[in-house]
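Trainee: Right, I'll just put the structure down here and ask away after.
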Amino acid sequence: MKRKVLIVEPSEVIVEGLKSTLHHADLRILDTETQVDELSERLDLLKPDILIINPTLYDNVTELRNGRNVAVVALVYQYVKQSRLRHFDAVIDIRDSRASILQAVLGLSAKTGAGDNALSNHELTRRETAVLVEVAKGLSNKEIASRLNVSVFTVTTHRKNIVRKTGIKSVAGLTVYALLNNLIDEDVVI
């Protein structure tokens, strides 16, 4: 099932670039907004799974979620205080690679669905969760093996299972997944 994406950004050039970047079989761009006027009504009407918004336009993420099952992503291309960004589910920068942006958005889209297709951290075993936490901290397979007192081969197997279960391949995407599932605090991430 395709996840629905709503983009709120005043720059047409950035919107078109983001649309091109997000062209993926699992995503469908619903609409684009240039202003936040009547954004609440648009969210209720369109019911997006993911809202990508310029945080300089609107940063009250709690109000945007208000009873909605929507992941809210900050789209940045200029300096924004970290305190404004911490309430967003993810932050993408227009300078990020296409793969990195897609991974961040697809990682969120896997979490947002309300049906049986939604993924959650309970699908991971305790050991896979422990490996995921160490991966999110930036440790190598060898360091994880040493810390968890298992072989490197075992760590590699757990990582393959994590990728298979979550559908997330990059370390950045797995880190976002760990953050969203409250497996780690954001100050732990390097």
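Trainee: Residues of region 146-170 being closer than 15 Å to L108 by Cα and open to solvent by 70 Å² or more (accessible area, probe 1.4 Å), which ones?
Mentor: K169
Trainee: So which residues in region 65-84 are in contact (Cβ under 8 Å) with a residue 40 or more places away in the chain and not in a loop (DSSP other than H, G, I, E, B), if there are any at all?
Mentor: So the first thing to find is which residues in region 65-84 are in contact (Cβ under 8 Å) with a residue 40 or more places away in the chain, and the list is 69-71, 75, 77.
A71, L75 - these are the residues of region 65-84 that are in contact (Cβ under 8 Å) with a residue 40 or more places away in the chain and not in a loop (DSSP other than H, G, I, E, B).
Trainee: What number of residues within region 28-47 satisfy the criterion of being open to solvent by 10 Å² or more (accessible area, probe 1.4 Å) and not in a loop (DSSP other than H, G, I, E, B)?
Mentor: Result for region 28-47: 12.
Trainee: Taking region 166-189 only, how many residues are part of a loop (DSSP other than H, G, I, E, B) and in contact (Cβ under 8 Å) with a residue 60 or more places away in the chain?
Mentor: 6
Trainee: So, one more: Look through region 48-64, keep the residues that are assigned to a loop (DSSP other than H, G, I, E, B) and among the polar types (S, T, N, Q), and return whichever of them is modelled with the lowest pLDDT.
Mentor: N60
Trainee: Are any of the residues in region 44-54 touching a helix residue (DSSP H, G or I) at 6+ places or on another chain (Cβ under 8 Å), within 29 Å of V163 (Cβ to Cβ) and acidic (D, E)?
Mentor: Yes, because at least one residue in region 44-54 is touching a helix residue (DSSP H, G or I) at 6+ places or on another chain (Cβ under 8 Å), within 29 Å of V163 (Cβ to Cβ) and acidic (D, E).
The values are calculated or read from the model by the stated rules, or taken from the named source; none is laboratory data. Just so you know, these numbers come straight off a predicted model, no measurement behind them. Cβ: placed from backbone, ideal geometry, glycine included. Neighbour counts: every protein chain shown. Side chains included, ligands, DNA and RNA excluded: accessible areas come from the protein's heavy atoms. Shrake-Rupley method; radii C 1.70, N 1.55, O 1.52, S 1.80 Å.
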